[in-house]
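The values are calculated or read from the model by the stated rules, or taken from the named source; none is laboratory data. Quantities reported herein were computed from a predicted structural model and do not represent experimental measurements. Note that each Cβ is placed from the backbone with ideal geometry, even for glycine, and that neighbours are counted across all protein chains shown.
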Amino acid sequence: MLPDKAKEYPVSEATNVLDKDWDVLVILDACRFDTFQKVVKDCKSTDFIISPASSSGEWIHNTFDGAVCKDIIYVTGTPWVTEHAIVDQPGQQNLGYNPFYKILIGHQYDILDYSETSNPVFMTDAAELIKKKYPDKRLIIHNMQPHFPYMGKHKIRPKDWEPLRKEMFRLDKTIRGEEFRFGDYKPENSLWNVMKEGIVSREEVLKAYEDNLRYVLEQLPRWRKLGKKVFITADHGSCFLDYGIDGHPSGMRVEELVKVPWYEVKQ
């Protein structure tokens with residue numbers, strides 16, 4: 001059942017993670033606090049912060065624009081942070097400088113069916129190597145999970161729904177007595193659109209989202225060893241057609257998008 005009334009948090013209540021005390025900060029992309037608390041059983045109701053953004057680009061802009069972070073190495077699994085650019089969401093431009101000591105692309109593609117997203121195992125491998133080489137630097141590890149595509153136990157990826165969607169397109173043409181031509185079929189890469197079409201249910205998506213979170217959290221024992229003060233948070237949350245919202249557009253302050261974990265990994 002979709003929520004009928006949104007709770008909103010103004011930007012004035014937001015926390016910048018640079019103002020917090022940590023050695024290692026694990027970013028889980030698009031991780032809602034309610035889902036994190038459901039999956040991580042010892043997460044308390046107070047283990048959250050309010051994000052300054054509702055999308056990754058906006059979060060990077062609002063968190064790092066104007067900052068100098070030469071004590072931080074950023075291991076990135078998101079296309080919003082690359083070796084050459086820190087993307088600024090309002091104009092989708094480089095911030096104009098690299099605020100970090102170093103940026104490392106921490107994932108690899110086309111390994112273990114990760115052609116569409118980053119691999120958390122390789123992300124952690126990269127983080128461990130960096131920590132050994134630069135033990136005095138702080139570390140940010142920006143994983144893409146639990147963000148779509150869902151690569152956990154219950155997978156949902158565009159290639160999973162395309163055969164069914166194409167067949168439905170063919171049947172619809174046939175029922176209407178129209179000629180079916182494969183060239184008329186347009187693939188749909190948007191999870192939100194196929195949810196609206198009824199190809200994938202909201203219940204299926206939420207289950208896959210939770211499993212994707214569990215999948216990335218398998219790295220938690222390894223994260224624990226990277227520092228004395230290890231925290232898990234998120235850049236933003238996600239809506240699953242809540243209030244009619246597709247995913248996590250910028251500039252929105254509803255609870256599902258800006259209430260995110262602030263969870264200390266116990267040593």
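List of remarks:
- Some residue of region 162-176 being of a type in the set (A, V, I, L, M, F, W, C) and modelled with pLDDT of 95 or more: no
- Restricting the first member to region 124-151 and to residues that are more than 13 Å from Leu25 (Cβ to Cβ), and the second to residues that are of a type in the set (Asp, Glu) and surrounded by fewer than 21 Cβ atoms within 10 Å (Cβ to Cβ), the beta-carbon pairs closer than 6 Å and six or more apart or on different chains are Pro149/Glu116.
- Each residue in region 42-75 was checked for being under 26 Å from Tyr209 (Cα atoms), hydrophobic (A, V, I, L, M, F, W, C), part of a loop (DSSP other than H, G, I, E, B) and touching a Leu at 6+ places or on another chain (Cβ under 9 Å), and 1 pass.
- Considering residues of region 231-267 that are of a type in the set (A, V, I, L, M, F, W, C) and out of contact with any strand residue (DSSP E or B) (no Cβ under 7 Å at 6 or more places or on another chain) only, the residue farthest from Trp59 (Cα to Cα): Leu241
- Residues of region 50-71 that turn out to be surrounded by fewer than 21 Cβ atoms within 10 Å (Cβ to Cβ) and under 13 Å from the mean Cα position of the chain (by Cα), as a count: 0
Here is a yes/no grid of residues against (1) touching a residue at least 12 places away in the same chain (Cβ under 8 Å); (2) assigned by TED's automatic domain parsing to the domain that holds Ile60; (3) under 14 Å from the mean Cα position of the chain (by Cα):
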residue	(1), (2), (3)
Glu179	no, no, no
Val194	yes, no, no
Trp223	yes, yes, no
Thr233	yes, yes, yes
Cys239	yes, yes, yes
Ile245	yes, yes, no
Pro249	yes, yes, yes
Leu257	yes, yes, yes
Val260	yes, yes, yes
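- Which numbered condition Val265 fails, given (1) in contact with an Asp or Glu (Cβ under 9 Å, 6 or more places away or on another chain); (2) modelled with pLDDT of 95 or more: (1)
- Of the residues making up region 1-27, those that are part of a helix (DSSP H, G or I) and either at pLDDT below 95 or not small (Gly, Ala, Ser) (or both) are Val11, Glu13, Val17, Leu18, Asp19.
- Considering residues of region 113-141 that are under 14 Å from Gly77 (Cβ atoms) and assigned to a strand (DSSP E or B) only, the residue nearest to the chain's Cα centre (by Cα): Ile141
- Number of residues in region 142-167 that are in a strand (DSSP E or B) and farther than 13 Å from Leu206 by Cα: the value is 4.
- Residue within region 28-41 that is of a type in the set (Asp, Glu), closer than 29 Å to Asp136 by Cβ and assigned to a loop (DSSP other than H, G, I, E, B) present: no
- Qualifying residue in region 239-247 (condition: farther than 17 Å from Val24 by Cβ and β-branched (Val, Ile, Thr)): yes
- Top-ranked residue of region 243-254 - restricted to ones that are crowded, with 18+ Cβ neighbours inside 10 Å and closer than 18 Å to Arg202 by Cβ, ranked as modelled with the highest pLDDT: Val254
- Out of Glu116, Glu179, Glu83, sole residue that is closer than 25 Å to Glu203 by Cα and either surrounded by 12 or more Cβ atoms within 10 Å (Cβ to Cβ) or at pLDDT below 85 (or both): Glu116
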